[in-house]
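Enquirer: Quick one: the structure is below, questions incoming.
The values are calculated or read from the model by the stated rules, or taken from the named source; none is laboratory data. Every value quoted in this text rests on a predicted model; they were computed, and no experiment measured them. Counting neighbours? That spans all protein chains shown, and the Cβs are built from the backbone with ideal geometry, glycine included.
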Amino acid sequence: MTLGGAGARGGAGASGGAGTQPPTPDGPLAAVVARRRRWWPGPGWGRSARLLSDWLRPAPVSVALAVVVVLVGTLGRAVGGEAFAALAVHAAEPARWAAWLTSTVWTPSLPSSLVDGLLVVAVGAPVERFLGRTRFLTVGLAASVLGVGVLHAVHPLIALLDRPWAEHLAGAPAGGPLGVVVGALAAASIRMDALARRRIHTVLFVWLSALVAFGGGADDIAQWGAALAGVGLGLLAWRGSAPERSLVGTRHDARTILDLVVVAVTAGTLLSAWSPLPVGPLAAARFAVDSPLADPVTVTTTCLEPDRLVECAGVTYAARTHGPSAAALAALPLVLQLVMAGGLRLGRRAAALGTIVLQCGMAILAAAHLAVMRWMFEQTGTDTAPLLGLADDGTPSARLIVPLVVPLLLAIQVALHLRSFGVKTRPGTFRRFWGWVGIAVAAGLVIVWGAGLAVADQFLPTATAPLLFADYAVRLLPTGALALVTPTLEPDSAVAVAVAEWVPVAVWVVVTVAWFRAQGSAPAIRPGQREDLAALVRREGAGSLGWMLTWPGNDVWLSPDGRSGFAYRVGSGVALTVTDPATAPDDLRDGLVDFATACTAQSLVPALYSVHAPTADQARALGWATVQVAEEAVIDLGGVTFSGKAFQDVRTALNRATKEGITDLWTTWDGCTPGQRDQVRAICDAWLADKALPEMGFTLGGVAELDAETRLGLAVDAEGTVHGVTSWLPAHRGGAVVGWTLDVMRRREGGFRSTMEFLIARAVLTAQGFAFVSLSGSPLARSGGSAPGEGPAASATRLEGVLEVLGTLLEPVYGFRSLLAFKAKFGPRFVPLYLAVPDLLDAPTVGLAIARAYLPDLGAADAARFAQRLVNRD
């Protein structure tokens, strides 16, 4: 019977081959299986030590700098920090030239030296590897010294505009090694491609600017200056050397910048609220969520310090004691904003609207606070200048306007760029969110009423149902509202505190988690019909692995003109394609550009997985990074006889099958008898039972993928017992089936030992007349070097390392590399399969997406069994 059917792909064959556990032959393929030992030598501590050594060995300058910083911090702790103060710089003493250099190893305390040392090793080491040790040291020290110069230069200007801030800078010593690191990083970015440079500059300067604005320390200003100097030094040294390339497929810049700004401002507000002495010009933004005011007590001006008696406009306030619950309630609105910022990065319209509402709410509270303050000033006849942040001499004082201006500007910025956030949430998602909010609020009220009335005498005054309701409603508001309204009850015991203060915190936690879940995963970038894609595959073809595009579980994208089709899986913010697109060769480039553009519009990283050389070449022409991720074993037909010494194992399997009465039956799933289908299911279930992890998906098929165009090869004995099963997917070209690709391969436990060799050999012999038979690809496995001109670029080694680790972890359980060695006995040619991504900065995310695509249902128990299998393997 001749083969006839559809499809191809490189995955499921891997799972079937792992079930047979074929031996590894001698020769180059033996290195595939042995590679695991090279990556993970020795027990756990030995592995960690080796990885740490590999990280530190190429960065001696970073290691030496970190060691000196820790030693200086340790000596300073031993003999007293004052003895080492001469190493630091002071903003008001620019003439101490030696301190400009020695400040790079000074830190204010031993804990600070330890943290700075770790940051130098973590960030400085990769920068040093990129630049080289001499350039790293020269550029880093120069940038750090110039950053100190920036501090001295801006200090007189700050004294003119903000005298208290300038006085703080003059009295605080400054220094640290981070100026060297950020300066070198900023300089190194000039040598990078356009996308990496833009991302580094955005993250670096947004974060450093937030530190200056909210913290306002001398170190913050010096590091900001070092980063600026690093960019200047890089431009002087390497202008024009950075490789420019296409940015097709990268995420929208407006989203990225707005996301970083929102995160930086939110984190800055949170840190300034917890900092013992925030002096930056925007530090007063903390009063938007954490008011220093409570109940009025007497009459007697400034409102700066929380947690003590403060004076404001002639009225003395007793600040409420801020315990853990109050701190948590103050932080949770900001935590909610950080969660929304994650949605901004993904282009979610709901996150943008939520940010606008939340920031406007904070601005309204600040405006109401200002109105109350103005009324108080008018009642006492006090000058209202402090409301604008100005004292009598024109210098900033309470900066009460800041908590209004900061959230209002954030809301306006997001509103102006609302068009950039077009990813809509699936229908019904936010109905469920509001349902969870209602349930949380109602449940909290029930708990407050029930528990509060049970301990009514532990409140001041004695709690009643109306008082508990009013108190609960007030405490649900951000703590910045305490300047306007105050709780009606004062808890006087641990139980009462838990009821009154911690229940509202729990409600906020539920709301935050519900919002996080509501943001969900991105919808299909352009929904298409699987039937339309299947017709396109039949007409144009999609390579030897093309039929997998039609499998259930894939999302489908069709180009607007219908000439190109992709199947992909969404996970971790990545659109991971299944294999090559279905398209004519002349339309391949346009199809890639359209697909990448559609992904970008939905804030998804396009990743072309398990594609052949023509697709990888087009991606490289667009400036993408490519790396080999698998190898496909292809047998060219037209006279294959399995004669010669190299095929002795194959001929032995065929002869033994004849002696034992084993024959091959070629059919389809629907053509099998009920008994045969039951046996196939039992064989697959038994194979899975031996695995530490659940059945893999994505490019690895199973019974669910056995459609009408997929052919089955069954090894059946005289009694009708099925000893093994293979499935074969058709490969199309020009509207005709030109070859077949192996998918599922399973053998009955205790059955005919050479079942797989027999079935594959019979398939090859039966398929004479077609162009080829593919034994499919082996995911995350390679036989050796890539074909000339098709290998990954040198810059792709980082991505290659991520995939190597993933393949190493899965090898003990699924045996991808053993399978690749097994296929070599049929004498195929090995065709490389590639992964292409727009930028290597997305390598870890893409690696995680690949892992989740193969194991979407991996649970905690499965992970534990997998870890145990790895331990036993060692």
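Enquirer: Just one of Ala443, Ala398 is small (Gly, Ala, Ser), surrounded by 14 or more Cβ atoms within 10 Å (Cβ to Cβ) and modelled with pLDDT under 75; which is it?
Expert: Numbers: Ala443 fails: modelled with pLDDT under 75.
Within the list Ala443, Ala398, the selection yields Ala398.
Enquirer: Which ranges mark the strands (runs of 3 or more DSSP E) fully within region 550-601 that have 1 or more residues being surrounded by fewer than 22 Cβ atoms within 10 Å (Cβ to Cβ)? Spell out how you get there, then give the answer.
Expert: Numbers: elements: 555-558, 564-571, 574-577.
Answer list for region 550-601: 555-558, 564-571.
Enquirer: Here's a follow-up. Does region 726-777 hold any residues that are of a type in the set (Gly, Ala, Ser) and assigned to a loop (DSSP other than H, G, I, E, B), and which are they? Show your work before the answer.
Expert: Initially, region 726-777 is screened for residues of a type in the set (Gly, Ala, Ser), giving 727, 731, 734-736, 739, 750-751, 754, 761, 763, 767, 769, 771, 774, 776-777.
Result: Gly734, Gly735, Gly750, Gly751, Ser754, Ala767, Gly769, Ala771.
Enquirer: Could you please find all residues in region 447-459 being under 23 Å from Ala330 (Cα atoms) and out of contact with any Phe, Trp or Tyr (no Cβ under 8 Å at 6 or more places or on another chain)?
Expert: Within region 447-459, Ile447, Phe459 meet the criteria.
Enquirer: Follow-up. Counting only residues that are within 19 Å of Leu549 (Cβ to Cβ) and out of contact with any strand residue (DSSP E or B) (no Cβ under 7 Å at 6 or more places or on another chain), how many does region 733-778 have? Break it down stepwise before answering.
Expert: Our first condition is that a residue be within 19 Å of Leu549 (Cβ to Cβ); within region 733-778, this holds for 733-744, 772, 774, 776-777.
With the extra rule that they be out of contact with any strand residue (DSSP E or B) (no Cβ under 7 Å at 6 or more places or on another chain), the set shrinks to 733-736.
Number of matching residues: 4.
Enquirer: Let me ask something else. Of the residues Val315, Val310, which is under 30 Å from Val503 (Cα atoms), buried (at least 19 other Cβ atoms within 10 Å of the Cβ), modelled with pLDDT under 85 and aliphatic (A, V, I, L, M)? Steps first, please.
Expert: Numbers: Val315 fails: under 30 Å from Val503 (Cα atoms).
Being under 30 Å from Val503 (Cα atoms), buried (at least 19 other Cβ atoms within 10 Å of the Cβ), modelled with pLDDT under 85 and aliphatic (A, V, I, L, M) holds for just one of Val315, Val310, which is Val310.
Enquirer: Kindly check whether there is at least one residue in region 469-476 that is among the acidic types (Asp, Glu) and part of a loop (DSSP other than H, G, I, E, B).
Expert: First, pick out the residues of region 469-476 that are among the acidic types (Asp, Glu): 471.
Those still in the list that are part of a loop (DSSP other than H, G, I, E, B) too: none.
No, every residue in region 469-476 fails to be among the acidic types (Asp, Glu) and part of a loop (DSSP other than H, G, I, E, B).
Enquirer: Same structure, new question: Residues in region 266-289: is at least one crowded, with 19+ Cβ neighbours inside 10 Å and at pLDDT 85 or above?
Expert: Step one: of region 266-289, the residues crowded, with 19+ Cβ neighbours inside 10 Å are 266, 268-270, 272-273, 278-280, 282-289.
In the following step, the residues that additionally are at pLDDT 85 or above were identified as 266.
Yes.
Enquirer: So, one more: Being in a helix (DSSP H, G or I) and hydrophobic (A, V, I, L, M, F, W, C) is the filter here, so list the residues in region 528-549 that pass it.
Expert: Leu533, Ala534, Ala535, Leu536, Val537, Trp547, Met548, Leu549
Enquirer: Go through region 647-673 residue by residue and tally those that are farther than 14 Å from Asp717 by Cα and part of a loop (DSSP other than H, G, I, E, B).
Expert: Residues flagged as farther than 14 Å from Asp717 by Cα and part of a loop (DSSP other than H, G, I, E, B) within region 647-673 amount to 6.
Enquirer: Restrict the check to region 680-690 and report whether at least one residue is over 26 Å from Leu545 (Cβ atoms), among the charged types (D, E, K, R) and modelled with pLDDT of 85 or more.
Expert: No, there is no match, as no residue in region 680-690 is over 26 Å from Leu545 (Cβ atoms), among the charged types (D, E, K, R) and modelled with pLDDT of 85 or more.
Enquirer: Could you please give the count of residues in region 735-768 that are out of contact with any Asp or Glu (no Cβ under 9 Å at 6 or more places or on another chain) and of a type in the set (S, T, N, Q)?
Expert: 2
Enquirer: Further question: Filter region 628-645 down to the residues that are under 28 Å from Ile850 (Cα atoms) and not polar (S, T, N, Q) and list them by number.
Expert: Listed by number, the residues that qualify are Val629, Ala630, Glu631, Glu632, Ala633, Val634, Ile635.
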